[in-house]
């Protein structure tokens, strides 16, 4: 529930710093909420600028979310679930909803750039915060690359329909997918980087335009593809059973990452305590409604066995239904803009996560240096963009999507725990939004995240375990000693 007129958290009696002790105490040292808020926006080389209202924040979350699952992953999920992929979207959406409620409460209470990393730092200690931040690097950074791969598929559809040319497979697909280097994927990441370097306000304006285009493209798809719906395409509705629905839901959860992107803009929002919870919830409602609508029309217009796993599934459906290339070309144009918007906003979120971690001393200072004129962490943006661009050009989409899903689910699980912990340790802290029926809803959100993680393949868990192992090595070798809390203890 929204609570109007609440005072900012920073006005409350400060929480005392945890006592200095042995290794266990150092790993569990927490950063008080008041200190997190007081340091908000301050990097090594300057501060971020508050320039965004609720509408822009909502557009950031929609921009980071809408399009990923529908334009990119739908073609891979339908073969797992059949027509019941609609149920898979609902399951993934419900899982996201419980976590979104927790995000909304914490975003209004701790309005800083670190998102769930900062929430964990304030509630569960530095080691858990590092693990959460490391998961967010996987979630945001790798999803940029995964989405960029799908962007190349639709770019080829657009070029083929308008100019009659396509980018050669060698330059349009990564190794393992019949190519050598995915040049379009690299290009869209570099394009997003150029927008971000111009400033947060300018990037938000560009994103708003792109979100409008992607919504229009999806509505156009529904209107045209609706004419091709055949009732027989919905039967059997669940050909592979609930196991297939669950597996597809875990993969499709990838399409919901991004609703939390607004929380990474906590230090660039004009009124974060009021606007962040609203933006998170509104964006998730809009996205879920559109996802379910488009999925229902898509599986009704094309037999589920014909979904071949192509990342450009919607454009193919438009072509099959109308028998004309023009509609598919128009949809492909919308998808090119839509997916570019996802790349832009998720890349934005990644840079702000690293900004917060750098400010705390857990990663190098270069990531929290802000350019004086634009108010942008410029070096951070360039480094992250180049890393994601190269990753997009070299790794197949399917592997990226599943790796992103497990990192996201783990981070969301921690956010649900953080709400419960903060309610118990700081019960009197003013909250502009409260999770209904707490702690029941956060517990349900936590359990759903674990359930969906269990639906992922063993190889995904192996990749995740290796990623976590690398992260822990980096923390003990670098972050633990250079932490600003560690410096303050000396």
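Between residue 482 and residue 201, what length comes free when the chain is fully extended (0.36 nm per residue of separation minus the Cα-Cα distance, one decimal in nm)? All intermediate terms of the calculation are to be shown ahead of the outcome.
Values: separation 281, 0.36 × 281 = 101.16 nm, distance 3.23 nm.
Extending this stretch completely gives an extra 97.9 nm.
Look at 126, 202 and count the other Cβ atoms within 10 Å of each Cβ; fewest to most, that gives 202, 126.
At full extension, residue 473 and residue 166 could sit 106.1 nm farther apart than now, given 0.36 nm per residue minus the alpha carbon distance.
Remark: 425, 208, 123 ranked as 425, 208, 123, counting other beta-carbon atoms within 10 Å and listing the fewest first.
Determine the gain in length on full extension of the stretch residue 209-residue 55; use 0.36 nm per residue of separation and subtract their C-alpha separation, reporting nm with one decimal.
Values: separation 154, 0.36 × 154 = 55.44 nm, distance 1.23 nm.
Between residue 209 and residue 55, full extension yields an extra 54.2 nm.
Take the Cα of residue 461, step 7 Å toward its Cβ, do the same at residue 27, and the gap between the two points is 2.2 nm. Based on C-alpha pairs under 8 angstrom that are at least 6 apart in sequence, the chain has a relative contact order of 33 percent.
Per the Cauchy relation, a quarter of the hull surface: what is the mean projected area of the convex hull of the alpha carbons in the stretch 55-162, in nm²? The Cα convex hull of the stretch 55-162, projected and averaged over all directions, gives 9.1 nm². Shape analysis of the stretch 63-113 based on the Cα gyration tensor places the equivalent ellipsoid semi-axes at 29, 13, 6 Å, largest first.
Every read-out reported here was derived from the displayed coordinates using simple, explicitly stated rules and does not represent laboratory data. The structure presented is a predicted model; accordingly, all values stated were derived computationally and were not measured. Virtual Cβ from ideal backbone geometry, glycine too; neighbours counted across all protein chains shown.
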